[in-house]
Amino acid sequence: MFAWWTAFILCVKTSFPNAHLMPVFRTTLLLIFLFPAWLSAQDLTAEAVRQAIPLETLSHPYLLFDEAGKAEILRRAQTDPESRDILARLQAEADMLLYQPVDPEIPTRPTHVRAGWTEADLENAYGRKLRSYRDHAQTLAFIYQMTGDPRYAQKAYAFTEVVCRMPLWTLQAHEFEIIYSRVWPWNVPDHQTNFNFDLGSATTGQALAWVYDWTYPALSQAQRDRIQGALLEKAITPVRGDYDFHWWASSYRCNWTGVCNGGVGMVALAMLKDYPQLVDVVAESHNRIHRMMNELGQDGGWQEGGSYWRYGMDRSALFAFALKRATKGTYDLFQHERLRQNPVSFPVYLFVPPNRSVNFGDAHDRSIGGTDFFNLLVSETQSAEGAWYRQEVLESGRGMLDLIFPRPQVPPKAPESLSRHFRTIDWWVMRSSFTDPGKVTVAGKAGLNDDPHHGHLDIGHFILFWRGEDYLKDSGRPYYDEEYFDEARWDYPQAGSAGHNVIMVNGEGQIPGKRKDQPFDYTIGGKVLAFKSGAERDYVLMDPTHAYPGEELKSWRRHISLHKPQDVTLVRDEVQATSQGATVNVRYHSGAEVSLHENLVLLSGEQGTMALIPLCQDPWQLKVGQHAYQPIHGSKRFEWLPYFDIEVQAQSTETEVYSLILPVADLAEAQRIAQTVSRDKKGVAVKLTNGRTLRFEDL
């Protein structure tokens, strides 16, 4: 190969017309030549896994702990109150389960769990039994390891045997008739027809892999074979060698990649002693999770949002830990560069005190856990800010995995900066305190409208928290009914732009960058053009123009500035319409009680009151409205989702609208402040009750 390369360079050198460009040309060719090798350098082969795992020395248990690790868990339960309480609770639960009868009957599987058309759908006895028996088996198997009492192992097997006989481990919502019409995420071909392994399969497979590993010494060969057969039938053979037919196998920006590959990889690791050929599945899980980690943002951001970051990374981390143990550290996914540089920055900066989280897209709005996951991730990455988050934000551990992954022994350190721009996904958070709910937190996003699974049409959207309440809020995610992940998704008010704090010109909303069976359009979205953070003031400038079709809205720029000492936020929207006389709506949603007054909006929360004071030279008025929302479900109730608008009648093609948002004692104070708001060539000024005049000149 080297001789061929040298001859090629010599040939080019003698015939290349511009000698001064030869070094550049040679470097470029070298990069092209080496690029495929660099791209695949992280891929493991089955043989590499085989060489790294001494199969002949494997002795159950070995997945998450061995005999030495078990002794350490028991020692810690003697000295650490949290561990002692967890073990005592699990022991009591296992003792109770020894007496619980095991019902061998398999319930009928319902056909429309997420639609709830029938009592059987609403009850979902099949799914409830699978989950509860799976969880019972885990608890009993773990307590068998802690006590050595074979009664727990045999009762664990009794529950497991029922799960093994259940014909499907997939979730009913992911069967062909429902999931086939889904709009598929990034890096997934549009034509998908195979759905025989999913999140449910991965979760049940992982659980039974642990049961198999922990009860192995107490089971007969026939009992082991029964569990092996179910794991092979419902986890291994649907996936092994068939990755090209599973959409989640290459959806590296989707949590499914981590969950599914983590689950099937854990199953393969559990059965390596009996089926050494499963090293190929272990290698595939490593490689695909590695590629998923490649898609973590340069600042740690994840486009699906915080709770889906946690879901995908949690299951990936469990597999990564088991793989690291099995290979004695040879293959360590925790050393992936993107993860190592920012292991927990995303949940840390999305955190809003005392217990909330920024909830763009379909993410939930509670602080991102769980305790065992952060214990593991912080311990493996030695993240000081992760240790701070674990100590200051998350509560005491309560589960079995908190015993296996105890609190990290890493000195905690608060994040060095208070605000953060996640550059890859163009999300941002501005604040003056991580711990004081009495200080305002403002968060917003630009980025692309290219996530058809958990994204919303919300470019330019922002939310504002104060005293633990969302005075300007995200509408949240709707109930996941059977239509939500199809093309109809964008008609749900929570997912469409009408349900977000954005601009609309003559009612024109944003559009998705991915539609069913159509290619991605990566020009649809917006950009953060500037982000500045300082001791007293933070500032961001977003341009969401290209998130719209462009028929009514020609351009939109949104400036937001947070004055930290006074908790005053100023928003400046520069809007240009395609024609004169347009109606421009600046839309807001609030978690507080909204009351409109002549020149301001009063937002009354449980812990305080804020005012939103508009300023615009064109004629404007305040209006309230509400979105009609009815989940496609037999028993879910209809809801009204309220909002309010600053509605402007533009006198030309261009208009500017300011929104001043600040805490006030009551309506009287808000009205006094509103009378002082003024605008000149230098910016906006407002005189506060304490006599101080604030000027916003950087907008």
Proximal aspartates and glutamates to residue 273, defined as alpha-carbon separation beneath 19 angstrom and excluding residues fewer than eight positions away on the same chain | 47, 56, 66, 67, 213, 225, 233, 284
The stretch 227-301: D in µm²/s via Stokes-Einstein (Kirkwood Rh, Cα pairs, 4 °C, 1.567 mPa s)?
-> 102
What's the exposure ranking of 313, 146, going from fewest to most Cβ atoms within 10 Å?
-> 146, 313
In debye to the nearest 20, how big a dipole does the chain give about its Cα centre with +1 on each Lys and Arg Cβ and -1 on each Asp and Glu Cβ?
-> 1540
In range of the label at residue 176: residues from the stretch 195-213 whose backbone nitrogen is under 17 Å from the point 7 Å along Cα→Cβ | 195-198
Using only the alpha-carbon atoms of the stretch 52-162, report the extent along each of the three principal axes, biggest first, to the nearest angstrom.
-> 51, 38, 25
So what's the stretch 607-676 giving for Rg/Rh, alpha carbon basis, Kirkwood Rh from the mean inverse pair distance?
-> 1.14
Just the Kirkwood number for the chain, please: inverse of mean 1/r across all distinct Cα pairs, in Å, one decimal.
-> 27.9
Order the peptides 509-521, 420-432 from the highest to the lowest mean number of other Cβ atoms within 10 Å of their residues.
-> 420-432, 509-521
Where a ≥ b ≥ c are root eigenvalues of the Cα gyration tensor, a/c under 1.5 meaning rounded, otherwise prolate if a/b exceeds b/c and oblate otherwise, the stretch 267-357 counts as prolate
Mind pulling the per residue volume of the convex hull built on the Cα atoms of the stretch 455-511? Å³ is fine.
-> 83
State the extension gain, in nm to one decimal, for the chain segment bounded by residue 649 and residue 598, taking 0.36 nm per residue of separation less the distance between their alpha-carbons.
-> 16.7 nm
Compactness index (Cα Rg / 2.2 N^0.38 Å), the stretch 159-255 | 1.22
Subtracting the Cα-Cα distance from 0.36 nm times the residue separation, let me have the gained length for residue 117 to residue 274 in nm, one decimal.
-> 52.1 nm
Applying the gyration tensor rule to the Cα atoms of the stretch 549-693 (axes a ≥ b ≥ c; rounded if a/c under 1.5, else prolate if a/b exceeds b/c, else oblate), the class is oblate
Nearest-0.05 FRET efficiency for residue 667 and residue 95, computed from C-beta distance (R0 45 Å) = 0.15
Expressed in angstrom and rounded, the centroid-to-centroid distance over alpha carbons for the stretch 368-428 and the stretch 633-699 is 36
Virtual spin-label span in nm between residue 102 and residue 536, 7 Å along Cα→Cβ | 7.0
Compactness of the stretch 420-696 - radius of gyration and Dmax, Cα, Å | 18.4, 60
Quick one: longest stretch of the chain between exposed loop GluC sites (Glu not before Pro), exposed meaning at most 13 other C-beta atoms within 10 Å and loop per DSSP?
-> 106-394
Under a plain spin-label model, where a point goes 7 Å from the Cα along Cα-to-Cβ, how far apart in nm are residue 58 and residue 45?
-> 2.0
Sum of -39500 (n - 2.57) over DSSP H runs of 4+, divided by residues of the chain (222 nm, nearest 500) = -11000 deg cm²/dmol
Got a sec? Charge dipole of the chain, +1 on Cβ for Lys and Arg, -1 for Asp and Glu; which of 246, 677, 504 is way out at the positive end?
-> 677
Between residue 517 and residue 630, the FRET efficiency computed from the C-beta separation at R0 = 25 Å comes out, to the nearest 0.05, as 0.40
Restraint check, 532/682; 324/514; 554/687; 439/554; 439/532; 445/564, Cα-Cα greater than 26 Å | 324/514; 554/687; 439/554
For residue 294 and residue 676, what does the FRET efficiency come to when R0 = 60 Å and r is the distance between their Cβ atoms, rounded to the nearest 0.05?
-> 0.70
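Readers should treat all values here as calculations from the given coordinates under stated rules, not as data from a laboratory. No experiment lies behind these values; they were computed from the predicted model shown. All Cβ positions, glycine included, derive from the backbone under ideal geometry; neighbour counts span all protein chains shown.
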